[in-house]
1. Name, by its number, the condition in (1) open to solvent by less than 30 Å² (accessible area, probe 1.4 Å); (2) within 15 Å of ligand 2 (Cβ to nearest atom); (3) within 17 Å of the chain's Cα centre (by Cα) that does not hold for A290.
2. So, in segment 294-326, how many residues would count as being under 16 Å from the mean Cα position of the chain (by Cα) and either closer than 21 Å to V261 by Cβ or within 12 Å of ligand 2 (Cβ to nearest atom) (or both)?
3. If I ask for residues that are in contact with a strand residue (DSSP E or B) (Cβ under 6 Å, 6 or more places away or on another chain), within 14 Å of ligand 2 (Cβ to nearest atom) and not in a helix (DSSP H, G or I), which ones from segment 328-359 would you list?
4. Output yes when any residue across segment 445-460 is on the phi > 0 side of the Ramachandran plot and surrounded by fewer than 16 Cβ atoms within 10 Å (Cβ to Cβ), and no when none is.
5. Please determine whether any residue of segment 423-433 is touching a Gly at 6+ places or on another chain (Cβ under 8 Å) and of a type in the set (S, T, N, Q).
6. Name the single residue, out of those in segment 298-327 being small (G, A, S) and assigned to a loop (DSSP other than H, G, I, E, B), that is farthest from ligand 1 (Cβ to nearest atom).
7. What single numbered condition from (1) at pLDDT 95 or above; (2) in contact with a Leu (Cβ under 9 Å, 6 or more places away or on another chain) fails to hold for F388?
8. Among the residues of segment 59-88, write down those that are touching a Lys or Arg at 6+ places or on another chain (Cβ under 7 Å) and of a type in the set (A, V, I, L, M, F, W, C).
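The values are calculated or read from the model by the stated rules, or taken from the named source; none is laboratory data. Predicted model only: the values in this text are computed from it and were never measured. We place every Cβ from the backbone using ideal geometry, glycine too, and count neighbours over all the protein chains shown. Remember, those area values only see protein heavy atoms, side chains included, never the ligands or the DNA or RNA. Shrake-Rupley method; radii C 1.70, N 1.55, O 1.52, S 1.80 Å.
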Amino acid sequence: SRRALHRRLRRPIRGWVPVVATLGLTAALLPAAGPAAATLGDTLFPGQGNAGYEVRHYDVDLTYAPDTNHLDAVTHLRARAFTELASFHLDLEGLTVEAVTVDGTDATWTRQGHELVVTPATAVARGRFDVTVTYSGTPLEHTDPDGSTEGWVRSDTGDGATALGEPVGTMTWVPSDNTPGDKATWTFDITVPDGTEAAANGDLVSHDSDGASTTWTWVQDVPMATYLATVAIGQFDMAETTMTSIRGGEIPIWSFVDPTVGSTADAQALLPKVIRFEERRFGPYPGTSAGMIVDDVDVGYALETQDRPFYPYGLGTGALVHETAHQWYGDSVTLTDWHDIWLAEGFATYAQWLWDSAHGGASPAARFRALYAKPASSSLWHPAPVKFTDPADLFGAPSYQRGAMTLQALRARVGGEDFSRILRRWATEHRDGNVRTHQFEALAEQVSGRRHLDGLFDDWLRLDGKPRGY
Ligand code: ARG
Ligand code: ZN
């Protein structure tokens, strides 16, 4: 039913209205193929994501030269059309497209900004179809509305690059349906010169040399949003270990650390403890493997790239706890529209509060009180977490701190036991899925048996300004 809802929300815009207007009802009832729209209508990034289809699987094949920053790529997409499509869009920024085939037959394409508009030789029928895009060039960095950098980010020492995709940067290296609402499984084949490492999401299945270059093959069998995809190429120390989940199963760990960033031995030792701490509170670890990527990429933020979060210089415990918590909240339970970002950042921040409180720090209630003491003029209170309209506010204090305060206000209202149940059920019931804020509100009311939490959620998530209290 989640998929059904997903499908309903992603209904393509068909040519009904103009057809009805010009040809009358009879013609309108004939199933005519139309072009699929260029957008899904995300409130903050309306140009991202595409109507008419969903992607089931991305197979990304990259050959990369670290010294020249040149990429030769072929991406195969297995997709499903919701209706007959005369043309459809992919999101791709920069690079040069050399060929596009649809179901094995050459297609024509145009580039319109970051839209790659594909017109197959014959319309795609409803149901499964395959697309292959061959492209090359120097991938772009992408500057976000808040001035931060993502996309294909070259490392400071020039030994390679790390691809960062939140919110939109994955379109700089993968032609994609670049919206968090369309999750897919992935494989990556990354060919680099011998002696260079290439990390990605999922499980490392092989790294084989032909005597000059090595192909690193990674398989991500858990659905993953485009913004969580990564590759990191460079001179890394690779550490392969395993850990034991609280359920007793083994979780393989692949970590890639650029030795120029300094020792991360402490963080590597801490990772299994953080995962088990969070498993006890949020439920079983949602991925098939874990790890970290620590690179000399100076973007100023860490990122919860699925299974293998990215950390820039200086990896502290707070970031480790935060990005690991995103594996449940954000990566496994993924927002559908970017304005629900508090469902990722508020929860990951709250996980830090839980960790700190269990390790001699302030309690979440004390953290809440300290933040609540901030004056009404503080940027914490403006704009409200689910009411902001400027994409530059995506990673602001309202998403992180006021988001975490929302959870603490909920805990204070429903009590610790129900609150724990809500956190776990949110992670387990929506595992591998997509969500919106109203679903969290409904779950909180259901679990707590309280019919009237809407006032609390309105105060904490929707009221512009400082809520009255809790
Ligand atoms: N989600 C990241 C975190 O865990 C922050 C990403 C910031 N991205 C950006 N382009 N500035 O905090
Ligand atoms: Zn975060």
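1. Evaluating A290 over (1) open to solvent by less than 30 Å² (accessible area, probe 1.4 Å); (2) within 15 Å of ligand 2 (Cβ to nearest atom); (3) within 17 Å of the chain's Cα centre (by Cα) leaves (2) as the failure.
2. In the first step, residues of segment 294-326 are kept if they are under 16 Å from the mean Cα position of the chain (by Cα); the result is 301-311, 322-326.
Going one step further and asking which of them are either closer than 21 Å to V261 by Cβ or within 12 Å of ligand 2 (Cβ to nearest atom) (or both), we end up with 301-305, 307-311, 322-326.
So the answer is 15.
3. V333, T334
4. As a first pass, look at segment 445-460 and keep what is on the phi > 0 side of the Ramachandran plot: 449.
Now restrict to residues that are surrounded by fewer than 16 Cβ atoms within 10 Å (Cβ to Cβ): 449.
Yes, segment 445-460 contains at least one residue that is on the phi > 0 side of the Ramachandran plot and surrounded by fewer than 16 Cβ atoms within 10 Å (Cβ to Cβ).
5. Within segment 423-433, one or more residues are touching a Gly at 6+ places or on another chain (Cβ under 8 Å) and of a type in the set (S, T, N, Q).
6. We begin by selecting, within segment 298-327, every residue small (G, A, S); these are 300, 302, 314, 316, 318-319, 325.
Remaining after also requiring assigned to a loop (DSSP other than H, G, I, E, B): 300, 302, 314, 316.
Working: G300: 8, A302: 6, G314: 15, G316: 13 Å.
Per the criteria, the residue is G314.
7. F388 satisfies all of (1) at pLDDT 95 or above; (2) in contact with a Leu (Cβ under 9 Å, 6 or more places away or on another chain) except (1).
8. Our first condition is that a residue be touching a Lys or Arg at 6+ places or on another chain (Cβ under 7 Å); within segment 59-88, this holds for 69, 78-84.
Those that are touching a Lys or Arg at 6+ places or on another chain (Cβ under 7 Å) and of a type in the set (A, V, I, L, M, F, W, C): A79, A81, F82.
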